[in-house]
1. Pairs, please: C-beta under 9 Å, at least 6 apart or cross-chain, first residue over 14 Å from residue 95 (Cα atoms) and in the stretch 113-127, second assigned to a strand (DSSP E or B)?
2. Within the stretch 112-138, which residues are part of a helix (DSSP H, G or I), at pLDDT 90 or above and charged (D, E, K, R)?
3. Restricting the search to the stretch 97-111, which residues are crowded, with 17+ Cβ neighbours inside 10 Å and in a helix (DSSP H, G or I)?
4. In the stretch 147-157, which residues are in a helix (DSSP H, G or I) and either out of contact with any strand residue (DSSP E or B) (no Cβ under 6 Å at 6 or more places or on another chain) or at positive phi (or both)?
5. Considering only residues that are surrounded by 11 or more Cβ atoms within 10 Å (Cβ to Cβ) and hydroxyl-bearing (Ser, Thr, Tyr), which ones fall in the stretch 79-96?
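The values are calculated or read from the model by the stated rules, or taken from the named source; none is laboratory data. Please read these numbers as outputs of a predicted model, since none were measured by experiment. Backbone-built Cβ (ideal geometry, glycine too); neighbour counts: all protein chains shown.
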Amino acid sequence: MKEELYLWIRNLAVFYIFFTAVLNLIPDQKYEKYVRFFMGLLLIFMMSTPIFSILGKGSELTESFLDNFSEENREKELREFQNIQKVYLEKGYELELEQKIRETLEKRGIEVYKVKVNIEGEETQANLVLKTEISQEERKELKDALVEEWGLKENRICIQIVRNESGKMGNPVAHRSTSGSSGDACIQ
């Protein structure tokens with residue numbers, strides 16, 4: 001009984017040293033209240049363990065705590081895995097869509113400098129940078145084809161032409177095209 005009391009006091013002393021060290025290592029003081037709350041919960045657990053061990057429930061309490069902690073960690077890891085999986089699927093879809101749009105443009109005889117697709121939530125933005133100058137009518141047809149073929153929204157398709165400073169085709173300094181629709185939202 002005496003050894004258990006000394007062990008308990010030693011654990012509390014180590015806990016307070018650890019608690020003080022953690023509080024001094026917090027990078028921003030706004031997190032201090034959260035650390036104090038969590039450490040307070042741990043302190044309550046440590047203070048109550050001798051009482052439960054006297055009542056014979058110490059091992060059950062520890063097992064229950066570890067089981068709950070393990071279950072929460074598993075759920076957290078599963079959520080993180082699902083989020084990572086979603087990001088990879090979106091990036092893979094973006095790359096696949098970029099390739100398919102590039103193929104569609106090349107089939108129409110349009111030289112492509114760059115195709116960039118960006119998915120944000122439910123919205124898909126497509127930015128096309130072309131080497132070939134196209135008319136307003138061709139622009140409209142191209143947008144309609146992309147809307148029909150890939151389910152993009154017309155106001156989320158941006159068509160640009162690559163020009164250099166002298167106005168000739170070449171150097172990749174893209175300028176925003178004047179397609180007449182005020183809904184173009186181009187990403188540079």
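1. 113/128; 113/129; 113/130; 113/160; 113/161; 113/162; 113/174
2. Result: 137, single match.
3. Selection gives 97, 98, 101, 104, 105.
4. Passing the criteria: 147, 148, 149, 150, 154, 155.
5. Listed by number, the list holds a single entry, 93.
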